[in-house]
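Following: one structure in structure tokens, then a few remarks.
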Amino acid sequence: MAAAQAPGDGRPLIEMRGIERTYVMGDNEVRALRGVDLTIERGASIAIMGTSGSGKSTLMNIMGCLDQPTKGSYLLNGKDVAKLSRAQLADVRGRMIGFVFQSFNLLSRTTALENVEMPLLYQGVPAGERHRRARRALEQVGLTGREDHHPNQLSGGQQQRVAIARALVGEAPIIMADEPTGNLDTRTSYEVMAILQGFIGQGKTVILVTHEADIAAYASRVITLRDGMVIDDKQQTPISATEALAATPPPHAPPAAAMPPAAGATP
Amino acid sequence: MSLFSTLKLALRALWRNKVRSLLTMLGIVFGIGAVIAMVAGGQGAQAAVKDVFAALGTNVLVLQNNAQRTMGASAGAGGGASLTWDDLRALETEVPAARWIAPTLESRSTQLVSELSNWNTGITGTTAVWFKIRSWEAAEGTVFDEDTGNSNAKVAVLGKTVATQLFGGQSPIGQTVRISGQPYEVIGVLVTKGQGPRGDNDDTVIIPIKTYQQKLEKGLAKYIRGSILISMQEENQAERTIAQVTALLRDRHKLDGNEEDDFRIRNPAEFAKAQQDSTERIATLLAIVAAVSLFVGGIGVMNIMLVSVIERTREIGIRMAVGARPVNVMTQFLVESLVLAAVGGLLGLLLGYGAAYYMAGYFGWKMFFPATTAAIAFAVAGGVGVVFGLYPAVRASRLDPITALRYET
């Protein structure tokens, strides 16, 4: 844990060299990634773009240690991930990476608080501290008072915020979000992006996978993939989600109690 | 991840599917229930058999009149008497393997009256050695000595039940009890023997044999309309004793080589052993049934756990994504099946004890709580949970995180 959060003896956070990933589907070989070289520094906000089938999800799975490359080397925080066992990969995921998925991936029939606590459960954090940290994480995403709600009692935006709190609670230095706004309306998308942008200020590295250019616009660096190869990699000045949110009038009275009380007074 | 958290997780998962969990447990419940009922019931049955044995005394043979056969029709045991009082005297002197010999005459239902109360019970007429054969001593007063036993004194020794019924809390020694209208002096009360195969052992009255003949049979007959208890000099001498008695009586009754015995010798020890063997056979049979039931129950657990793993593939994926190691996932499912089986085992224990309790009441057995068996059965149930839960749990732990996350339910 201490090693994972240490500056990593001056090496970049993510170093990928010649990453290839080949799936065998029946008689066909699908080459999802065909040699990706990538370096990502700490505190960056990256958007990985590409059409479906470009390999962007495969790249995120490998970056997130959910999958292993067929070929190439991947150093995460200076450590070679290829040599790790499944259990060690699980530990790396738990301590280094917080995932935010398009479909939220919360456990149903389980309260928001318990969903958020889950990563801590596997790090052996005692119950009392688990509750405390999970509450704080929910507070950070503006869900105070919703701790005991089940996912089906929450709106899409609230569910995604629970998922973000879950990614946050383990104090992982990397947040990986796979189409985090894919299932949300525009205004809610701005809210979620504003929260994710807020993390960058706290020194976290945020990696977004998206096929929407206007979501990629919130990142400071956009990497574009096509057919399993990086075809474009450019720095940009990100637009602020907070400002975008402020410019968007609320379409209706928001259901969340966490919203300003005045918003609820629509005649 | 602490065991407590895992246990909480398992309980919650099982509670979510209450009906399914309960149905899955049933196999285990009946398996364990059968084991407990079998052991508790089996012990009760064996104890009952031992009681028969103990009530009669060890090393005892029972010589009875055999039905006279008239044209092949039996008149029933003891129906026609063939044993005479002369036979008895001959047995006493000419059977070296016999230690004590006691004639017993029994009436089933006779009215007894004391100054306080009345009671109806069976009367036994016998001699002094009867108490030795049955190793039955007086708790109060005395049993017959040899003279009393052979006399026609109007004295009686009461079983504890009779003493209580007739005299309440008072000491019956020296008191008078009227048996069929005749006054008898109570000289002793026997120690309590409790329930026997023929009901309450202590619900009995013993009077001297001659008195019995004169007062209850109204006269001295030639034949013994009862049975003769023979105790042996040494243990395991039944065959030799039977041979000696048979030879003597056949000779005295002048039976030809191909004529049937007109008497019958019963060996309660053999009878008890046969009963014990049969209860053991039934117990073995039940044990097999229980094992099969547990096996089937185990397969039920495995089946449901496999379904559960498939249903919760996505959950497994999420857990793995947030840092659950394969071993965490495996433990989670293993603990679930363990809890399922253990709770089933616990319910089975209750069911088994319930069944044993009912059986004990029905057959008049003593109730046993086989604690060791309960512990073993419980451990076996847990074992079944682990063994049959292992495959589903391992399958869950081997899921690929990405595949699991993308799984559509």
| message | Condition first: closer than 18 Å to B:Ala324 by Cα and in contact with an Asp or Glu (Cβ under 8 Å, 6 or more places away or on another chain). Can you find one or more residues in region A:122-141 that meet it? | response | yes
| request: Return a yes/no flag: does region B:302-312 have any residue that is within 14 Å of another protein chain (Cβ to nearest Cβ) and touching a Gly at 6+ places or on another chain (Cβ under 6 Å). | output: no
| Considering only region B:1-54, how many residues are of a type in the set (Gly, Ala, Ser), away from chain A (no Cβ under 14 Å) and out of contact with any Gly (no Cβ under 8 Å at 6 or more places or on another chain)? | 7
| remark: Across (1) surrounded by 22 or more Cβ atoms within 10 Å (Cβ to Cβ); (2) in contact with a strand residue (DSSP E or B) (Cβ under 8 Å, 6 or more places away or on another chain); (3) aromatic (Phe, Trp, Tyr), A:Tyr23 clears everything bar (1)
| For residues in region A:81-111 being without any contact (Cβ under 8 Å) to a residue 40 or more places away in the chain and more than 7 Å from every other protein chain (Cβ to nearest Cβ), which is surrounded by the fewest Cβ atoms within 10 Å (Cβ to Cβ)? | A:Lys83
| Do we find a residue being of a type in the set (Gly, Ala, Ser), more than 19 Å from A:Ile97 (Cα to Cα), away from chain B (no Cβ under 14 Å) and not in a helix (DSSP H, G or I) anywhere in region A:207-221? | yes
| task | Hey, can you tell me all the residues within region B:328-360 that are in contact with a Lys or Arg (Cβ under 8 Å, 6 or more places away or on another chain) and more than 14 Å from chain A (Cβ to nearest Cβ)? | result | B:Ala360
| note | Inside region A:112-139, the number of residues satisfying the requirement of being within 13 Å of chain B (Cβ to nearest Cβ) and within 12 Å of A:Ala165 (Cβ to Cβ) is 9
| task | Tell me which residues, restricted to region A:51-76, are in a loop (DSSP other than H, G, I, E, B) and either of a type in the set (D, E, K, R) or out of contact with any Pro (no Cβ under 8 Å at 6 or more places or on another chain) (or both). | result | A:Thr51, A:Ser52, A:Gly53, A:Ser54, A:Gly55, A:Gly64, A:Cys65, A:Asp67, A:Gln68, A:Pro69, A:Thr70
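Each row is one residue, and each column tells you yes or no for (1) at pLDDT below 90; (2) over 14 Å from the mean Cα position of the chain (by Cα).
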position: A:Gly50; (1), (2): no, yes
position: A:Asn61; (1), (2): no, no
position: A:Cys65; (1), (2): no, no
position: A:Lys71; (1), (2): no, yes
position: A:Ala82; (1), (2): yes, yes
| remark: Inside region B:101-128, the number of residues satisfying the requirement of being surrounded by 20 or more Cβ atoms within 10 Å (Cβ to Cβ) and farther than 15 Å from B:Gly159 by Cβ is 4
| Does region A:162-179 hold any residues that are under 14 Å from A:Lys56 (Cα atoms) and not in a strand (DSSP E or B), and which are they? | A:Glu179
| task | Examine region B:270-279 for a residue that is within 14 Å of another protein chain (Cβ to nearest Cβ), surrounded by fewer than 17 Cβ atoms within 10 Å (Cβ to Cβ) and at pLDDT below 95, and state whether such a residue exists. | result | no
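Quick grid of which residues meet (1) touching a Ser or Thr at 6+ places or on another chain (Cβ under 9 Å); (2) in a helix (DSSP H, G or I); (3) over 29 Å from B:Tyr223 (Cα atoms); (4) touching a residue at least 24 places away in the same chain (Cβ under 8 Å):
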position	(1), (2), (3), (4)
B:Ala81	no, no, no, yes
B:Thr93	no, yes, no, no
B:Ile101	yes, no, no, yes
B:Leu116	no, no, yes, yes
B:Gly122	yes, no, no, yes
B:Ser135	yes, no, no, yes
B:Ala163	yes, yes, yes, yes
B:Arg178	yes, no, no, yes
| request: Determine, yes or no, whether A:Ile46 is of a type outside the set (Gly, Ala, Ser) and touching a helix residue (DSSP H, G or I) at 6+ places or on another chain (Cβ under 9 Å). | output: no
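The values are calculated or read from the model by the stated rules, or taken from the named source; none is laboratory data. Bear in mind that the values here come from a model prediction, so they are computed numbers and not experimental data. When we count neighbours, we look across all protein chains shown, and the Cβ atoms used for this are built from the backbone with ideal geometry, even at glycine.
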